[in-house]
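K.L.:
Sending over a structure as structure tokens; questions will come in a sec.
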Amino acid sequence: MRRALAIVLAMLMMLALAACGQSSAPAAAPTEAPPAETPAPETPADEAPIIEETEAAVPSGVEDGVLTIAMECAYAPYNWTQGDDSNGAVPIKDSDGEYANGYDVMMAKKICEANGWTLEVIKADWDSLVPGVQSRTYDAVIAGQSMTAERSEQVDFAGPYLYATIVCLTRSDSPYASAKGINDLAGGTCTSQSATIWYDTMLPQIPDAKIQPAAESAPAMLMALETGTVDFVCTDMPTALGAVRAYPDMVLLDFAGSDNDFTADAGDVNIGVSVFKGNTVLLDAINAVLSPMTADDFNAMMDQAIAVQPSEA
């Protein structure tokens, strides 16, 4: 028994020593995990990064296939209002039973036909034409506008679509009816349409002219002359030709070729189509139609407009 017990005790001691030997062995170093990437700090919504982009193209306005233009519809022979669609007149938007016609409408139709667009005409006051282009209320203005330097700072011009000349109108019974130059108009009372080169630049060239307040529209200007409120008015040749047709007692005074004519930069006199500043797509499309046309082409079309102008326009 003692011997057996001694053997058992010896075996237990050997097992204990083996266990102690295993526990004293150095433990393997744990494998280190790769360092995690530090997340980029989030940018606050009100401090979003600025992305460099090229300047976006200005919308042409005719993406829908419709060219929306504005005019007074009261500036014959450039444009007028009539009660039906005779002679190619087109409906005036939001104006039941009224149609627009005239040189501007004829030119607009030509531009639309060349580009496959539908024409839409809006009636607008003269003073609202440029602001309407700037606000994109309409795509363009085709309304007998001179391509003045002042307007060119606010809108871009296609054209010209007419080479205009400066003239005056008076009544046949007026002492100014035989005038041969602007000096012969000295001292007379006069006016022209507001916000035009005729009023702002031409009338002041007449010696001692008694310049009256500007007329708000072409019809108002002509009425001032017809009623004797003024002795003469200054305008361009097409407007004068249309006026003589509507008012047989008016006389056209053309000083071209004399040494006593009005002076003006051609760019301030010629007539153009105004579009939103930077709208090169629309500008180029309109110019593609106008550029091949000559002064004779323009004048022939204007003659057609004057021929169909209603007497009351």
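K.L.:
Carbon and sulfur together cover what percent of the accessible area of the stretch 69-132 at a 1.4 Å probe radius?
P.N.:
Its accessible area is 41 percent carbon and sulfur atoms.
K.L.:
Hey, another quick one. Once each part is reduced to its C-alpha centroid, what is the distance from the stretch 206-266 to the stretch 89-159 in angstrom?
P.N.:
Distance between centres, Cα-based: 24 Å.
K.L.:
Still on this structure: Return the FRET efficiency for the residue pair Glu216, Glu113: r is the Cβ-Cβ distance, R0 is 45 Å, and the value is rounded to the nearest 0.05.
P.N.:
Computed FRET efficiency for Glu216 and Glu113 comes out at 0.85.
K.L.:
So between Asp184 and Glu312, what do we pick up on full extension, going 0.36 nm a residue minus the alpha carbon distance?
P.N.:
Working: separation 128, 0.36 × 128 = 46.08 nm, distance 3.09 nm.
Fully extending the segment from Asp184 to Glu312 adds 43.0 nm.
K.L.:
May I pose another question? At R0 = 35 Å, how high is the FRET efficiency between Ala288 and Asp208 if r is their beta carbon distance? Nearest 0.05 is fine.
P.N.:
My answer for the efficiency is 0.15.
K.L.:
To make sure I understand the rule: partners must be aspartates and glutamates, Cα under 13 Å from the Cα of Lys93, and not fewer than 8 residues away in the same chain. Which ones qualify?
P.N.:
Answer for Lys93, where 13 Å is the Cα cut-off: Glu72, Glu120, listed by chain and number.
K.L.:
Right, next: How charged is the neighbourhood of Gly159? Take every other residue with its Cβ under 13 Å from the Cβ of Gly159, and add Lys/Arg as +1 and Asp/Glu as -1. Before the final figure, lay out the partial values.
P.N.:
On the way: positive: Lys110, Arg151; negative: Asp104, Asp156, Asp284, Asp297.
Once positives and negatives cancel, what remains is -2.
K.L.:
When Lys and Arg each count +1 and Asp and Glu each count -1, what net charge do the other residues less than 11 Å away from Ala224, Cβ to Cβ, add up to?
P.N.:
The answer is -3.
K.L.:
Under a Cβ-Cβ cut-off of 12 Å, what is the net charge of the residues other than Ser128 that fall near it, where Lys and Arg count +1 and Asp and Glu count -1?
P.N.:
Values: positive: Lys123; negative: Glu72, Asp125, Asp127, Glu216.
After counting each charged neighbour, the total is -3.
K.L.:
Now, a different point. Under 18 Å from the 7 Å Cα→Cβ point of Asn260, by amide nitrogen: which residues of the stretch 204-230?
P.N.:
The answer is 204-210.
K.L.:
Sorted by packing (mean other beta-carbon atoms within 10 Å per residue), highest first, where do 214-225, 189-200, 294-305 land?
P.N.:
The densest-packed peptide leads the list: 189-200, 214-225, 294-305.
K.L.:
Ignoring ligands, DNA and RNA, what percent of the 1.4 Å accessible area of the stretch 151-293 is carbon and sulfur?
P.N.:
It is 52 percent, rounded to a whole number.
K.L.:
Sorting check: for 66-72, 248-254, 84-90, which peptide has the highest mean count of neighbouring beta carbons within 10 Å, and how do the rest follow?
P.N.:
For the peptides 66-72, 248-254, 84-90, the packing ranking is 66-72, 248-254, 84-90.
The values are calculated or read from the model by the stated rules, or taken from the named source; none is laboratory data. None of the values given here were measured: they were computed from a predicted structure. Cβ atoms come from the backbone with ideal geometry, glycine included; neighbour counts cover every protein chain shown. Accessible surface areas use protein heavy atoms only, side chains included; no ligands, DNA or RNA. Shrake-Rupley method; radii C 1.70, N 1.55, O 1.52, S 1.80 Å.
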